[in-house]
Structure formats: structure tokens, C-alpha cells
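Notes follow the structure.
The values are calculated or read from the model by the stated rules, or taken from the named source; none is laboratory data. The structure displayed is predicted, hence computed values, not measured ones. Note: ideal-geometry Cβ built from the backbone for every residue, glycine included; neighbour counts use all protein chains shown.
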Amino acid sequence: MTKIKNFFKFFISKIFLINFAVFIVLIIILFFGIKIGINKYTNHNQIISVPDFFGMTINNAKKMAKQKDLYIKVVDSIYTNKVEHGCVFSQTPDAENNVKEKRTIFLTINAFLSEQVHMPDLTGVSLRQAQADAESYGLKIGKLKYVPDIAKNNVLKQYFNGKEIKQGTLIKKGSVIDLTVGRGLSNEKTYVPNILGLTQQQAIDKLTEASLNIGAIIVDTSTIKSVEDSLKARIYKQYPVNRKNGEINLGAFIDIWITNSKSLLSNIDTIDHNQTGILNQNDITPEGAEDNIEN
């Protein structure tokens, strides 16, 4: 019984209470010390908005990342014409996402070297087939030159940068191939299609179907300031214009005016491109454009 009384007296003694208080204080100090240490190690509440690295060179991206106390790492490369070679095309995390300091941003860049393909043989087939074959290789059909030949609408020769190119030659993907096409033995003509409201690529496709070429491209520099602007731009004027019963020699050139201006495009939004005899554009001959018309 005496031992039990002494035991309880110890718990209420001054020495025990002092030691217990010291123990509690040490526990509190240890708890907050650990919390502060963890917060510091994990950069608690130190949030950074990820910058947009799109289109930057690697050196510029490194400088930007250093300013933000971030790291970058190139993890992949692709072939694209949306940015210059060696520049950033995409990133993870995306721009404007919130991350902590010291975070690594993973980048995909446009390959330093252009992707190459083997030149196919586009000769001996119809123009339509040659166009499909070229597209399957990532190539584009450029100017068409029509010559008298019994093989009407068949491709006779293929050219790159003004020189005839042989099958199997390594060539940059996206290159433009010019063709010589037979037009039969008569002086055949074709209609002038309506290409108002189309993009450049849509116009090229439609003119190719009509055995014609894109001529001069007049750019509205107030609304077109980049490659992306140019890709989105649409045609608001053409010469020669589309008119009823209008005809032109095979292989002739059509000049186009392109813009992103809503006011310039507002009058052509309702044009039916399946109609070849409707003219919703002033029939004005632009200065110097006559040079592109074959009589």
C-alpha cells in the first residue's frame, strides 16, 4: 500500500511535472521542426506559372527556365513546319500550369534535320493519280506545264527546283514537284474555277483538278504576319475571274489575293464553289495581271 502511495506521489511531484513539461515542449519543437523541414524541402506554397516555350530555341528556353527556377529536358523530336528546326514544339506540363520550384519541364522539339523521302515515279500515270501518289509521300504538286502529246492528261516528266528528278532520289518531305503533262494533240482549254473564299491549299487542289496553276500571291500584310496567318488566310480576289463560259488554256496561271480580314471576306462567304458561272467579285483586271494569261 505504501508503494502505491509513493508511486502516485511521484506523479504529482515537482520533479515529475518539470520533466513532463520539458518532454511536452520537446515534442512540440520536434513536431514544428519536422513540419518546417518538410515544407522547405517540398517548396510548400511556392508556386510558379509555367512559361510558354513554344517556338523558342533550346538556349532561350534554358534561360527562361532558369529565370523561373525551373529545369527543362528534351525528351522527343518530331518533324513539323509549324516552328523552325531545333525549336520547341510542345511541352509537359503545358504553359500557364502551376508547378513548384525546381520542377522539370519536358520538351518536344522540331528535328534539326528535315525528314526525307525517296522520290516516287510520278510519270506514266494520270495527273490525278500522280497527285495522290505525291501526297502519300508527303510531297506537293507545284506548277503544271502542258505540252502537245497523245497521252492526254498523263504526266510526262517530273521536276524539282527546275531540274528533272529521278525516281529514288532523296528529297525533303514537303518539297514541291513540278510536272509536265500531255494535253492531247489539240489546243484544249478549260474553265476558270471559282476559288474565292478558299485557302491557298484548297485553291491549289481545285486549280490542279482544272489543269491550272497558282500564279502571283498578293498578301494582305495588315492581317497576315506569320506562317500560321498565311495558312488560315482565304482568297478574296482572283484573276482571271470566274465567269460564265469563261475559258483559259491548260496550264495557265491564276493570281490570288489572300487575307484574314472579315470585312474583305464578308461578301464571299455565301459563294457556292460548285457553281462556275457566278461572279460575286468586281471584274477588274489588276495591274500587270494580264501577263499571267495565255491567249
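Kindly indicate whether any position in the range 31-48 is within 30 Å of Asp229 (Cα to Cα), out of contact with any helix residue (DSSP H, G or I) (no Cβ under 7 Å at 6 or more places or on another chain) and modelled with pLDDT of 85 or more.
no
Residues of the range 76-105 being touching a residue at least 40 places away in the same chain (Cβ under 8 Å) and over 25 Å from Lys232 (Cβ atoms), which ones?
Pro93, Asn97, Asn98, Val99, Lys100, Glu101, Lys102, Arg103, Ile105 - these are the residues of the range 76-105 that are touching a residue at least 40 places away in the same chain (Cβ under 8 Å) and over 25 Å from Lys232 (Cβ atoms).
Name the residue, out of Gly251, Gly197, Gly174, that is surrounded by fewer than 20 Cβ atoms within 10 Å (Cβ to Cβ), touching a Phe, Trp or Tyr at 6+ places or on another chain (Cβ under 7 Å) and assigned to a loop (DSSP other than H, G, I, E, B).
When all the criteria are applied, what remains is Gly251.
On the given criteria, is Ile141 outside any loop (DSSP other than H, G, I, E, B), crowded, with 16+ Cβ neighbours inside 10 Å, without any contact (Cβ under 8 Å) to a residue 60 or more places away in the chain and of a type in the set (A, V, I, L, M)?
no
Filter the range 49-71 down to residues that are part of a strand (DSSP E or B) and under 12 Å from Val99 (Cβ atoms) and give me whichever is modelled with the highest pLDDT.
Across the range 49-71, the extreme among qualifying residues is Tyr71.
Being more than 19 Å from Ile171 (Cβ to Cβ) and among the β-branched types (Val, Ile, Thr) is the filter here, so list the residues in the range 118-152 that pass it.
Once the filter is applied, which keeps residues that are more than 19 Å from Ile171 (Cβ to Cβ) and among the β-branched types (Val, Ile, Thr), the range 118-152 yields Val147, Ile150.
For residues that are among the hydrophobic types (A, V, I, L, M, F, W, C) and either at pLDDT 80 or above or not in a helix (DSSP H, G or I) (or both), tally how many sit in the range 6-30.
Counting residues in the range 6-30 that are among the hydrophobic types (A, V, I, L, M, F, W, C) and either at pLDDT 80 or above or not in a helix (DSSP H, G or I) (or both) gives 8.
Taking Val74 as meeting all but one of (1) of a type in the set (A, V, I, L, M); (2) surrounded by fewer than 16 Cβ atoms within 10 Å (Cβ to Cβ); (3) out of contact with any helix residue (DSSP H, G or I) (no Cβ under 8 Å at 6 or more places or on another chain), write down the number of the exception.
The number of the failed condition is (3).
Do any residues in the range 218-232 that are over 16 Å from Val83 (Cα atoms) have Cβ atoms under 9 Å from those of residues that are surrounded by 11 or more Cβ atoms within 10 Å (Cβ to Cβ) and among the charged types (D, E, K, R), where the two are at least six apart or on different chains, and which pairs are they?
That search, which allows pairs on different chains as well, returns Ile218/Lys237; Ile218/Asp255; Thr223/Asp229; Ile224/Lys232.
Kindly indicate whether Ala61 is buried (at least 16 other Cβ atoms within 10 Å of the Cβ), among the small types (Gly, Ala, Ser) and on the phi < 0 side of the Ramachandran plot.
Criteria met by Ala61.
Scanning for something of a type in the set (Asp, Glu), closer than 21 Å to Val181 by Cβ and in contact with a Phe, Trp or Tyr (Cβ under 8 Å, 6 or more places away or on another chain), does the range 213-227 turn up at least one residue?
No.
Which number in (1) modelled with pLDDT of 90 or more; (2) surrounded by 16 or more Cβ atoms within 10 Å (Cβ to Cβ); (3) not assigned by TED's automatic domain parsing to the domain that holds Ala132 marks the one condition that Ser261 misses?
Failed condition: (2).
Based on this model, can you work out whether Asn154 counts as free of Cβ contacts under 8 Å to residues at least 24 places away in the same chain, assigned by TED's automatic domain parsing to the domain that holds Val125 and not charged (D, E, K, R)?
So Asn154 fails the test.
Within the range 106-132, count every residue that is surrounded by 18 or more Cβ atoms within 10 Å (Cβ to Cβ), in a strand (DSSP E or B) and touching a Gly at 6+ places or on another chain (Cβ under 9 Å).
Residues in the range 106-132 being surrounded by 18 or more Cβ atoms within 10 Å (Cβ to Cβ), in a strand (DSSP E or B) and touching a Gly at 6+ places or on another chain (Cβ under 9 Å): 2 in total.
Scan the range 205-218 and tell me whether some residue there is assigned to a loop (DSSP other than H, G, I, E, B), of a type in the set (Val, Ile, Thr) and modelled with pLDDT of 90 or more.
No, the range 205-218 contains no residue that is assigned to a loop (DSSP other than H, G, I, E, B), of a type in the set (Val, Ile, Thr) and modelled with pLDDT of 90 or more.
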